[in-house]
Amino acid sequence: MLRKIVLLLPLLFFSLGRGKLFNFHAIQTRHSFEDSELLCQGLGYDGLAVVSSPEMHVYALSLTETLRASGRGFFIGIGKNSDTHLVKWDDGTFPAEDTPWTRSSNYTGYTFAHRFMISSGGLYKALVNKTRTALCGYHANLSTEANGVSHPGQHAVDVSSSLSVTKVFSYLECVLLCGQDHRCRAAEFNSELLTCMKLGPGSYTGLVANINSQMFVRNGFIELS
């Protein structure tokens, strides 16, 4: 039987209200990227919001539904690093492989004059001097919510790579580890070996029966139309 799991980290209890621990704040007036970042910092936030996990993405979309109705989108905390020339979230982490870029954006033609925003649901390239609304957030000690489904007696097959394999003592601990990593899309707990294998997007092809294993399959990003 499938069991749905909704966990909030670092607090160990089941969620009744999704997204409540994501301390985001919407700037409802339009400003340039630089001014939006300064406004967020003036309100006590680290800057623009890091929206790196599927759960953060869902909450950001629900929080900004009215703002996005204009079709202009809102600034978030992701951009090109001036030293490494790599796209990173403002907390220093890389986007997950299944980050929902819009088809016309991704990294194509990306320069230092651009940042990224969220429009209909995907991350989209935006000029920093154009005015947009914005989403503020913190960049350290982020509370993380992990939403997904438990598959007892199942394990992953055709695993091409793993994010990590860690010694743990329980399935719950394994799920918590997955929730703490914005790249994790599934976690396999082996009760015989007492190990937790975290899996990223597209790193396995399916599940098969295994009495010693229990899988947690995390909800992914919202698919764009």
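The values are calculated or read from the model by the stated rules, or taken from the named source; none is laboratory data. Nothing here was measured: the structure is a model prediction, and the numbers come from that model. Methodologically, a virtual Cβ is constructed for each residue, glycine included, from the backbone with ideal geometry; neighbour enumeration extends over all protein chains shown.
With respect to the conditions (1) in a loop (DSSP other than H, G, I, E, B); (2) in contact (Cβ under 8 Å) with a residue 24 or more places away in the chain, Glu55 lacks only one, and its number is (1). Consider region 98-115 and keep the residues that are in a strand (DSSP E or B) and modelled with pLDDT under 85. The one that is farthest from Ser36 (Cα to Cα) is His114.
What residue, of Cys174, Cys136, is under 30 Å from Ser82 (Cβ atoms) and at pLDDT 95 or above?
Numbers: Cys174 fails: under 30 Å from Ser82 (Cβ atoms).
Just one listed residue meets the conditions, Cys136.
Keeping to region 183-222, report how many residues are free of Cβ contacts under 8 Å to residues at least 60 places away in the same chain and not hydroxyl-bearing (Ser, Thr, Tyr).
Narrowing region 183-222 to residues free of Cβ contacts under 8 Å to residues at least 60 places away in the same chain: 184, 186-199, 203-212.
When the remaining residues are screened for being not hydroxyl-bearing (Ser, Thr, Tyr), the result is 184, 186-190, 192-194, 196-199, 206-212.
Qualifying residue count for the region: 20.
Summed over region 182-223, residues that are closer than 24 Å to Phe169 by Cβ and assigned to a strand (DSSP E or B) total 21.
Scanning region 153-161 turns up no residue that is among the acidic types (Asp, Glu) and not in a loop (DSSP other than H, G, I, E, B). On the basis of being modelled with pLDDT of 95 or more and of a type outside the set (Phe, Trp, Tyr), does Leu63 make the cut? Answer is no for this residue.
Scan region 56-63 and give yes if some residue there is more than 15 Å from Cys136 (Cα to Cα), within 17 Å of the chain's Cα centre (by Cα) and crowded, with 19+ Cβ neighbours inside 10 Å, otherwise no. Scanning region 56-63, I find at least one residue that is more than 15 Å from Cys136 (Cα to Cα), within 17 Å of the chain's Cα centre (by Cα) and crowded, with 19+ Cβ neighbours inside 10 Å, so the answer is yes.
Restricting Gln154, Gln180 to residues that are farther than 21 Å from Pro54 by Cα and in contact (Cβ under 8 Å) with a residue 24 or more places away in the chain narrows the list to Gln154. Quick one: is Leu86 modelled with pLDDT of 95 or more and loosely packed, with under 13 Cβ neighbours inside 10 Å? Answer is no for this residue.
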